[in-house]
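Chemist: My questions all concern the structure below.
The values are calculated or read from the model by the stated rules, or taken from the named source; none is laboratory data. Keep in mind that what you see is a predicted model, and the values were worked out from it rather than measured. Quick reminder, even Gly has a Cβ in these numbers, built from the backbone with ideal geometry, and neighbours come from all protein chains shown. Quick note on the areas: whole protein, heavy atoms, side chains included, nothing else; ligands and nucleic acids left out. Shrake-Rupley method; radii C 1.70, N 1.55, O 1.52, S 1.80 Å.
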Amino acid sequence: MSAKSNVVILGFMGTGKSAVGTRLADQVGKTFVDMDAVIEARAGKSISRIFAENGEPHFRALERALVQELAQGADQVIAAGGGVVLDPRNLDDFRRTSVLICLKASPQKILERVAAQTHRPLLEKGDKARQILHLLESRRPRYDAIEHCIDTTDLSVDEVVARAAEIAMNP
Ligand code: S3P
(Lines give C-alpha, C1' and ligand atoms only; values in the text may rest on other atoms or scores of the structure.)
Protein backbone atom coordinates (compact mmCIF):
# COMPACT_ATOMS: atom_id res chain seq x y z
CA MET A 1 0.00 0.00 0.00
CA SER A 2 1.30 3.45 -0.90
CA ALA A 3 1.86 5.80 2.05
CA LYS A 4 -0.56 8.23 0.39
CA SER A 5 -3.45 6.08 -0.74
CA ASN A 6 -6.17 8.64 0.12
CA VAL A 7 -7.23 11.60 -1.99
CA VAL A 8 -8.68 14.60 -0.12
CA ILE A 9 -10.75 17.08 -2.11
CA LEU A 10 -10.65 20.51 -0.48
CA GLY A 11 -11.96 23.91 -1.50
CA PHE A 12 -14.56 26.57 -0.83
CA MET A 13 -18.27 25.81 -0.58
CA GLY A 14 -19.85 25.29 -3.99
CA THR A 15 -16.67 24.29 -5.82
CA GLY A 16 -18.04 20.78 -6.47
CA LYS A 17 -16.12 18.70 -3.92
CA SER A 18 -18.86 16.12 -3.34
CA ALA A 19 -19.88 15.73 -6.99
CA VAL A 20 -16.26 15.38 -8.09
CA GLY A 21 -15.32 13.17 -5.13
CA THR A 22 -18.10 10.63 -5.77
CA ARG A 23 -17.17 10.17 -9.41
CA LEU A 24 -13.44 10.21 -8.76
CA ALA A 25 -13.84 7.46 -6.16
CA ASP A 26 -15.70 5.31 -8.73
CA GLN A 27 -13.07 5.95 -11.34
CA VAL A 28 -10.04 5.16 -9.19
CA GLY A 29 -11.69 2.35 -7.21
CA LYS A 30 -11.54 3.93 -3.75
CA THR A 31 -14.18 4.40 -1.06
CA PHE A 32 -15.98 7.77 -1.12
CA VAL A 33 -16.36 9.62 2.20
CA ASP A 34 -18.28 12.90 2.47
CA MET A 35 -17.18 14.52 5.74
CA ASP A 36 -20.29 16.66 6.20
CA ALA A 37 -22.55 13.63 5.63
CA VAL A 38 -20.61 11.56 8.21
CA ILE A 39 -20.82 14.39 10.77
CA GLU A 40 -24.57 14.77 10.17
CA ALA A 41 -25.23 11.02 10.40
CA ARG A 42 -23.27 10.67 13.64
CA ALA A 43 -24.81 13.77 15.24
CA GLY A 44 -28.28 12.77 14.07
CA LYS A 45 -28.90 16.30 12.82
CA SER A 46 -28.05 18.63 9.97
CA ILE A 47 -24.98 20.89 9.88
CA SER A 48 -27.35 23.87 10.15
CA ARG A 49 -28.82 22.48 13.37
CA ILE A 50 -25.36 21.68 14.78
CA PHE A 51 -24.34 25.32 14.17
CA ALA A 52 -27.60 26.67 15.61
CA GLU A 53 -27.84 24.41 18.67
CA ASN A 54 -24.19 23.70 19.53
CA GLY A 55 -22.27 26.52 17.82
CA GLU A 56 -19.52 26.61 15.22
CA PRO A 57 -16.70 25.67 17.66
CA HIS A 58 -18.50 22.40 18.42
CA PHE A 59 -18.85 21.69 14.69
CA ARG A 60 -15.13 22.41 14.18
CA ALA A 61 -14.27 19.98 16.99
CA LEU A 62 -16.36 17.24 15.33
CA GLU A 63 -14.67 18.04 12.03
CA ARG A 64 -11.20 17.93 13.63
CA ALA A 65 -11.88 14.53 15.26
CA LEU A 66 -13.12 13.14 11.95
CA VAL A 67 -10.00 14.34 10.12
CA GLN A 68 -7.83 12.54 12.68
CA GLU A 69 -9.84 9.36 12.18
CA LEU A 70 -9.95 9.48 8.37
CA ALA A 71 -6.26 10.36 8.06
CA GLN A 72 -5.49 6.96 9.56
CA GLY A 73 -7.55 5.15 6.91
CA ALA A 74 -6.52 4.06 3.43
CA ASP A 75 -7.87 4.01 -0.13
CA GLN A 76 -10.51 6.69 0.39
CA VAL A 77 -11.57 9.71 -1.65
CA ILE A 78 -12.60 12.24 0.98
CA ALA A 79 -14.73 15.32 0.24
CA ALA A 80 -13.72 17.68 3.04
CA GLY A 81 -15.91 20.47 4.36
CA GLY A 82 -14.90 23.88 3.05
CA GLY A 83 -13.63 24.97 6.46
CA VAL A 84 -11.25 22.04 7.07
CA VAL A 85 -8.42 24.35 5.95
CA LEU A 86 -9.04 26.67 8.93
CA ASP A 87 -7.11 24.40 11.32
CA PRO A 88 -3.58 23.80 9.96
CA ARG A 89 -3.39 20.55 11.94
CA ASN A 90 -6.08 19.13 9.64
CA LEU A 91 -3.92 19.57 6.56
CA ASP A 92 -0.83 18.28 8.39
CA ASP A 93 -2.71 15.10 9.36
CA PHE A 94 -4.20 14.53 5.92
CA ARG A 95 -0.85 15.17 4.19
CA ARG A 96 0.73 12.17 5.90
CA THR A 97 -1.56 9.70 4.13
CA SER A 98 -3.27 11.64 1.35
CA VAL A 99 -2.85 13.51 -1.88
CA LEU A 100 -4.50 16.92 -1.42
CA ILE A 101 -6.41 18.56 -4.26
CA CYS A 102 -8.08 21.96 -3.94
CA LEU A 103 -11.01 22.89 -6.18
CA LYS A 104 -11.40 26.57 -6.97
CA ALA A 105 -14.06 28.65 -8.72
CA SER A 106 -14.76 32.33 -9.28
CA PRO A 107 -17.00 34.07 -6.70
CA GLN A 108 -19.66 34.51 -9.41
CA LYS A 109 -19.65 30.79 -10.22
CA ILE A 110 -19.80 29.88 -6.53
CA LEU A 111 -22.78 32.21 -6.08
CA GLU A 112 -24.56 30.62 -9.07
CA ARG A 113 -24.03 27.16 -7.62
CA VAL A 114 -25.15 27.94 -4.05
CA ALA A 115 -27.82 30.59 -4.74
CA ALA A 116 -30.81 28.28 -4.36
CA GLN A 117 -29.39 26.26 -1.46
CA THR A 118 -29.98 26.94 2.24
CA HIS A 119 -27.99 24.22 4.04
CA ARG A 120 -24.78 26.18 4.64
CA PRO A 121 -25.11 28.23 7.85
CA LEU A 122 -22.13 30.47 7.03
CA LEU A 123 -23.90 31.69 3.87
CA GLU A 124 -27.25 32.27 5.56
CA LYS A 125 -26.15 35.32 7.56
CA GLY A 126 -27.33 38.00 5.17
CA ASP A 127 -26.29 38.72 1.63
CA LYS A 128 -24.78 35.54 0.09
CA ALA A 129 -22.60 37.36 -2.44
CA ARG A 130 -21.00 39.48 0.30
CA GLN A 131 -20.49 36.48 2.56
CA ILE A 132 -18.82 34.54 -0.25
CA LEU A 133 -16.45 37.41 -1.08
CA HIS A 134 -15.60 37.97 2.58
CA LEU A 135 -14.95 34.28 3.41
CA LEU A 136 -13.08 33.62 0.17
CA GLU A 137 -10.80 36.57 0.82
CA SER A 138 -10.03 35.53 4.39
CA ARG A 139 -9.38 31.90 3.43
CA ARG A 140 -7.55 32.48 0.16
CA PRO A 141 -4.01 31.96 1.54
CA ARG A 142 -5.05 28.61 2.98
CA TYR A 143 -6.55 27.31 -0.26
CA ASP A 144 -3.63 28.73 -2.28
CA ALA A 145 -1.14 26.79 -0.13
CA ILE A 146 -2.55 23.41 -1.24
CA GLU A 147 -0.15 21.71 -3.63
CA HIS A 148 -2.61 20.69 -6.36
CA CYS A 149 -5.39 23.05 -7.46
CA ILE A 150 -8.00 22.82 -10.21
CA ASP A 151 -9.96 25.88 -11.34
CA THR A 152 -13.42 24.45 -11.99
CA THR A 153 -15.02 27.72 -13.14
CA ASP A 154 -15.29 26.73 -16.80
CA LEU A 155 -15.03 22.95 -16.52
CA SER A 156 -17.69 20.23 -16.43
CA VAL A 157 -17.70 17.77 -13.53
CA ASP A 158 -16.29 15.10 -15.87
CA GLU A 159 -13.41 17.37 -16.88
CA VAL A 160 -12.59 18.12 -13.26
CA VAL A 161 -12.72 14.40 -12.40
CA ALA A 162 -10.34 13.61 -15.27
CA ARG A 163 -7.83 16.19 -14.03
CA ALA A 164 -8.17 15.04 -10.43
CA ALA A 165 -7.63 11.40 -11.49
CA GLU A 166 -4.39 12.40 -13.27
CA ILE A 167 -3.16 14.18 -10.13
CA ALA A 168 -4.17 11.23 -7.94
CA MET A 169 -2.18 8.81 -10.15
CA ASN A 170 0.91 11.06 -10.48
CA PRO A 171 0.91 13.44 -7.53
C1 S3P B 1 -18.26 25.02 5.71
C2 S3P B 1 -18.52 24.28 4.59
C3 S3P B 1 -19.58 23.27 4.53
C4 S3P B 1 -19.87 22.69 5.92
C5 S3P B 1 -20.15 23.81 6.88
C6 S3P B 1 -19.00 24.81 6.99
C7 S3P B 1 -17.20 26.05 5.67
O8 S3P B 1 -19.20 22.20 3.67
O9 S3P B 1 -18.79 21.91 6.36
O10 S3P B 1 -21.33 24.44 6.47
O11 S3P B 1 -16.78 26.53 6.73
O12 S3P B 1 -16.73 26.37 4.54
P13 S3P B 1 -19.20 22.33 2.04
O14 S3P B 1 -17.91 23.00 1.67
O15 S3P B 1 -19.25 20.92 1.59
O16 S3P B 1 -20.41 23.12 1.66
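Chemist: With a cut-off of 8 Å between alpha carbons and a minimum separation of six or more residues, what is the relative contact order of region 42-130 in percent? Let's see the in-between values first.
Modeler: Details: 40 pairs, mean separation 26.8, N = 89.
Once normalised by length, the contact order is 30 percent.
Chemist: Ranked from highest to lowest mean number of other Cβ atoms within 10 Å per residue, what is the order of the peptides 96-106, 82-92? Write down the numbers at each step before the final one.
Modeler: Numbers: 96-106: 21.4, 82-92: 17.4.
Taking the mean over residues of other Cβ atoms within 10 Å, the ranking is 96-106, 82-92.
Chemist: Calculate, for region 2-151, the solvent-accessible area per residue in square angstrom, rolling a 1.4 angstrom probe over the heavy atoms of the protein chains.
Modeler: 47
Chemist: Treating only the Cβ atoms of Lys and Arg (+1) and Asp and Glu (-1) as charged, compute the dipole magnitude of the chain about its Cα centre; round to the nearest 20 debye. Could you put the intermediate results ahead of the total?
Modeler: Details: 23 positive and 23 negative charges, 61 e Å.
Using Cβ point charges on Lys, Arg, Asp and Glu, the chain gives about 300 debye.
Chemist: Using a 1.4 angstrom probe on heavy atoms only, work out the carbon and sulfur share of the accessible area of region 1-111 in %. The partial results should precede the final answer.
Modeler: Details: 2440 of 4690 Å².
Percent of accessible area from carbon and sulfur atoms in region 1-111: 52.
Chemist: Once you order the gyration tensor axes a ≥ b ≥ c over the Cα atoms, which shape class does region 5-126 get: rounded for a/c under 1.5, otherwise prolate or oblate by comparing a/b with b/c? Before the final figure, lay out each step's value.
Modeler: Values: a/c = 1.70, a/b = 1.22, b/c = 1.39.
Oblate.
Chemist: For n ≥ 4 DSSP H runs only, could you compute -39500 (n - 2.57) per run for the chain, divide by its residues and tell me the 222 nm figure to the nearest 500?
Modeler: On the way: 8 runs with 92 residues, N = 171.
After summing the helix terms and dividing by residue count, I get -16500 deg cm²/dmol.
Chemist: Moving on to the next point. So which lysines pass the test for Lys128, namely a Cα distance under 20 Å, with those fewer than 8 places away in the same chain ruled out?
Modeler: The reachable lysines, counting only those whose Cα sits under 20 Å from Lys128, are Lys17, Lys104, Lys109.
Chemist: Here's a follow-up. As I understand it, the dipole of region 1-109 uses +1 on the Cβ of Lys and Arg and -1 on the Cβ of Asp and Glu, about the Cα centre. Which of Leu100, Thr31, Val85 lies farthest toward its positive end?
Modeler: Farthest along the dipole direction, towards plus: Leu100.
Chemist: Something else: What full-extension length gain, to one decimal in nm, is calculated for Arg60 and Leu133 as 0.36 nm per residue of separation minus the Cα-Cα distance?
Modeler: Working: separation 73, 0.36 × 73 = 26.28 nm, distance 2.14 nm.
Full extension of this stretch gives 24.1 nm more.
Chemist: Please tell me the relative contact order of region 18-78 in percent, rounded to the nearest whole number, where contacts are Cα pairs under 8 Å and at least six residues apart.
Modeler: Working: 42 pairs, mean separation 29.3, N = 61.
This gives 48 percent for region 18-78.
Chemist: For region 111-171 and region 11-67, what is the separation of their C-alpha centers, rounded to whole Å?
Modeler: 14
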